[in-house]
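See below for the structure under consideration.
The values are calculated or read from the model by the stated rules, or taken from the named source; none is laboratory data. Everything numeric here is computed off the predicted structure, so don't read it as measured data. Here the Cβ is made from the backbone with ideal geometry for all residues, glycine too, and neighbour counts use every protein chain on show. Each accessible area value is taken on the protein alone, full model and side chains, heavy atoms only, with ligands, DNA and RNA left out. Shrake-Rupley method; radii C 1.70, N 1.55, O 1.52, S 1.80 Å.
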Amino acid sequence: MERRGDDAAVDGCMVAFVVAAEIIGGAVLAFYLGLRRWGRELSWSGDGHTGPLPPDHVAALWLGGCASALALIGVALLRSGRPYSGVVHLVLAGVPALAACASW
């Protein structure tokens, strides 16, 4: 299935937009989770507590949501006839999924 020049340009712009949005979303997520953990450590040690922090599953939930969103975008790209972009999204969805498992 060969695409015309205009369709290829639109597809390229759409994929670039999706990738840019994912990078920005991932950066915001990493920044938020990093500040959240840092704030918890400061407040925990400032209250005179010793020992480990109590369990916090927010990171696992956020990273799981990010992995689900990447997987859904990958499936949508596969169904719309963009196999390479879809497979890359599905493979990269494993990164936040593994991070969610590690943070749990």
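Of LEU90, LEU70, which has the most accessible area and how do the rest follow, probe 1.4 Å?
The ordering from most to least exposed comes out as LEU90, LEU70.
What is the sum of charges around VAL28, taking Lys and Arg as +1, Asp and Glu as -1, for the other residues whose C-beta is under 14 Å from the C-beta of VAL28?
Neighbour charge sum, excluding VAL28 itself: 0.
With all protein chains present, calculate the accessible area of CYS13 using a 1.4 Å probe and round the result to the nearest 10 Å².
90 Å²
Could you tell me the accessible area of VAL18 in Å² (1.4 Å probe, neighbours in place), rounded to the nearest ten?
30 Å²
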